[in-house]
Amino acid sequence: MNIIQRIRASHLYSLILKEAREIMRNPYLLFLILVPPTIQLLILGGALDPQVRHLSLATVDHSQTKQSRDLVASLTSSGVFPKNTYVVDEDKLLDKLERGDLDVGLVIPKTFSQQLNRKEAADVQVLVDGADAYTAGIARAYVLRTIHDFHPEGMKAPQFKLPSAVRTDKDIDASKIIDPKVDILYNPDQESSWYFIPGILGACLTLTGTLVAAATVLKERERGTMEQLLMTPAEAWEILLAKIIPLVIFLMGDVLLAIVAAQIIFHMPFRGDLLLFLFASALYAFVGIGFGMLLGSVCSSQRQAQLASFFINIPLILLSGTVVPLDTMPPVMQAISIVDPLRYYTLVARGVILKGATFSMLWQQVALLALSALLVLMVSANRFRRQLI
């Protein structure tokens, strides 16, 4: 007998065919594997955007001069502040800020133009709504940079005197002696979807693999067919692999579908080795399925497994750097994330997709991902074997 004939005659091959047919016969399970992950990836890829745009700006312009209007125009020249609203006095400005109708307020005094003409530091007041700390920080930085770089037509760039509430030592800049040229690599247009999609794909593999694998194990118990598996001559590890391998194959189809959809809708490039990416995706699929098998062997119903999965999936996603960059986390959270397998899958996926990284560059992350898959599968296999005994 050759190798192919031996494989077909094995218990594992027969069990894999049986599990694949079970998945194909269950339209709900097939829908759960293929459709929701792709939809979630497209929605989250478009919705998650760290760039701040379309902030509201209002100005009290006591100067009413060309210089003051040019300053406001420089603030609204990009997508951060699409338009400006003029208000009559500071009381109206504060009222808008208190009601949450305004993100940034600008007060230009009467002496603005005179100070500029005398080449003195011109006074302006910037009021930022700090209720949303992240947005406030971005808005403040943009306003200060724009004001610092502003210079009226025919005049050298003046120095503006900002109130102490918004001025720090970092904002006091000396005259430029270095003119840097900045080139942004791999994502020159800074498309946020390109950054988030690889991580979101891993999160979708986590959610789908965990829930589907748990449902597969619990279905056997609820239908009372677990006893039939005990009567087969197959070993426990063969039964476990037969349940895992078809799910991994279907999830790889889901990965390919999601990547194609991301390229079509978000024009995301794919610069690396597809086989390396699929290999890493398969390893992480084993992690998600292993967690699902563990939940299926511990929980008594599918609803209980779905609730219990939140205690696994949410920490995995939040600590992986998928949504929140690792550098912004507290040191304790960064230390905990070392044991998060989704962290390493996200690094591999972003490296292969966006940078075209090779295995020699990513072998450490791939090795840690393989180690995570092995440990999770060993624990779930041990629990599953106890269930069969």
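The values are calculated or read from the model by the stated rules, or taken from the named source; none is laboratory data. Computed from a predicted structure; not experimentally measured. Here the Cβ is made from the backbone with ideal geometry for all residues, glycine too, and neighbour counts use every protein chain on show.
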Selection count where residues are more than 12 Å from Leu102 (Cα to Cα) and either part of a loop (DSSP other than H, G, I, E, B) or touching a Ser or Thr at 6+ places or on another chain (Cβ under 9 Å) (or both), scope segment 117-130: 7
Listed residues Ala215, Ala174, Ala165, Ala157; which is at pLDDT below 85 and closer than 30 Å to Lys96 by Cα? Ala165
